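The values are calculated or read from the model by the stated rules, or taken from the named source; none is laboratory data. Just so it is clear, the model here is predicted, and its values are computed rather than measured. Methodologically, a virtual Cβ is constructed for each residue, glycine included, from the backbone with ideal geometry; neighbour enumeration extends over all protein chains shown. When the accessible area is computed, the model is the full protein with side chains, heavy atoms only, and any ligands, DNA or RNA have been set aside. Shrake-Rupley method; radii C 1.70, N 1.55, O 1.52, S 1.80 Å.
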Amino acid sequence: MIDYVSLEKYAKDVSVLFVEDDMGISKEMELLLGEIFSNIKVTFDGVEALEEYHNYYRFNGKYPDLIITDIQMPNMNGIELIKHIYKENPNQKVIVLSAHNESEYLMELVNLGIYRFILKPMDYDNFIEIIFKISKEIYIEKNISLGEKELTIKLAKDLIWNKELKQLYFNNELFKLTMKEFLLIELLIKTPEKIFVNEEIISNIWNKEFDNPDISNLKNLISRLRNKLPSLKIENIYGFGYKIVIIPE
């Protein structure tokens, strides 16, 4: 079930460019999107949408957060529109509205890197679920870029831990951690600069995996993590435990 309070929080500052040539669908979707987002621009073909995309950047110094587009449109179809947009902004989030008889386009769209597809006629619950997920991602990404303390911890100049997603970002890109690396960082990051004793760390990471986990397992894990992320400062308090250190810029 969708948490509509959270949806309102995530979506309130998301800007949307909606592209649909069918006037009936366009009006219906504009009303639906207007209940979720406060910043919506509706266009009716790819040429008009691309012009609006450029105008938005000219006036705001950034691109719209989300594009929702149909495929079959006059003047310029959705695929050509997306190709133009991705040339300028490869990170643009795009949702494609696709009819069942347009399946021949799906592989090309997948190869372009489309975020999501929504089949027409649209299922309302599925649509809201997708909008919730993408709005949350946009909200979190914006807060990462702003470095807001309530959502992120900046461990070093190139390392950010997102507390809500429980993910590590290296140079603003998601850094994939192994399960044990994740458990280690998740524990140490609970209280930065706090010393966690070896026994607590080992118990948290290996739990019942071994009858008697060896300190060497922990040392090897930390050594591998340091090699992968040199700027991640995990300090050893000799004979006692470890702590994570935030490096000032």
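General observations
- Some residue of the stretch 194-202 being more than 18 Å from SER231 (Cα to Cα), assigned to a helix (DSSP H, G or I) and among the β-branched types (Val, Ile, Thr): yes
- Screening the stretch 1-81 for helices (runs of 4 or more DSSP H) wholly inside it with 2 or more residues that are in contact with a Pro (Cβ under 9 Å, 6 or more places away or on another chain) and either among the small types (Gly, Ala, Ser) or open to solvent by less than 10 Å² (accessible area, probe 1.4 Å) (or both) returns the ranges 46-60.
- Boolean, ASN207 is loosely packed, with under 12 Cβ neighbours inside 10 Å, polar (S, T, N, Q), over 22 Å from ILE140 (Cα atoms) and modelled with pLDDT of 90 or more: no
- Long-range neighbours under 9 Å by Cβ, at least six apart or interchain, first residue without any contact (Cβ under 8 Å) to a residue 24 or more places away in the chain and more than 19 Å from LEU232 (Cβ to Cβ) within the stretch 190-206, second open to solvent by 70 Å² or more (accessible area, probe 1.4 Å) and in a loop (DSSP other than H, G, I, E, B): ILE202/PHE210; ILE202/ASP214
- Cβ-Cβ under 8 Å pairs, at least 6 apart or on other chains, the stretch 212-235 side under 15 Å from MET179 (Cα atoms), far side open to solvent by 50 Å² or more (accessible area, probe 1.4 Å): ASN217/PHE210; LEU221/LYS180; ILE222/ASN236
- Screening MET23, MET1 for residues that are under 28 Å from ASN143 (Cβ atoms), of a type in the set (A, V, I, L, M, F, W, C), out of contact with any helix residue (DSSP H, G or I) (no Cβ under 9 Å at 6 or more places or on another chain) and at pLDDT below 95 leaves exactly one candidate, MET1.
- Subset tally (residues that are out of contact with any strand residue (DSSP E or B) (no Cβ under 6 Å at 6 or more places or on another chain) and not charged (D, E, K, R)) for the stretch 54-70: 8
- Residue in the stretch 211-228 that is exposed (fewer than 13 other Cβ atoms within 10 Å of the Cβ) and in contact with a Lys or Arg (Cβ under 9 Å, 6 or more places away or on another chain) present: no
- Check on ASN89, under 30 Å from LEU151 (Cβ atoms), in contact with a strand residue (DSSP E or B) (Cβ under 6 Å, 6 or more places away or on another chain), in contact (Cβ under 8 Å) with a residue 12 or more places away in the chain and surrounded by fewer than 20 Cβ atoms within 10 Å (Cβ to Cβ): no
- Every pair of residues 6+ apart whose Cβ atoms lie under 6 Å, when the first sits in the stretch 58-75 and is within 18 Å of LEU97 (Cα to Cα) while the second is of a type in the set (Lys, Arg): LEU66/LYS93
- Residues of the stretch 174-186 that turn out to be assigned to a helix (DSSP H, G or I) and open to solvent by 10 Å² or more (accessible area, probe 1.4 Å), as a count: 5
- Condition met for PHE196 (open to solvent by less than 80 Å² (accessible area, probe 1.4 Å) and touching a strand residue (DSSP E or B) at 6+ places or on another chain (Cβ under 6 Å)): yes
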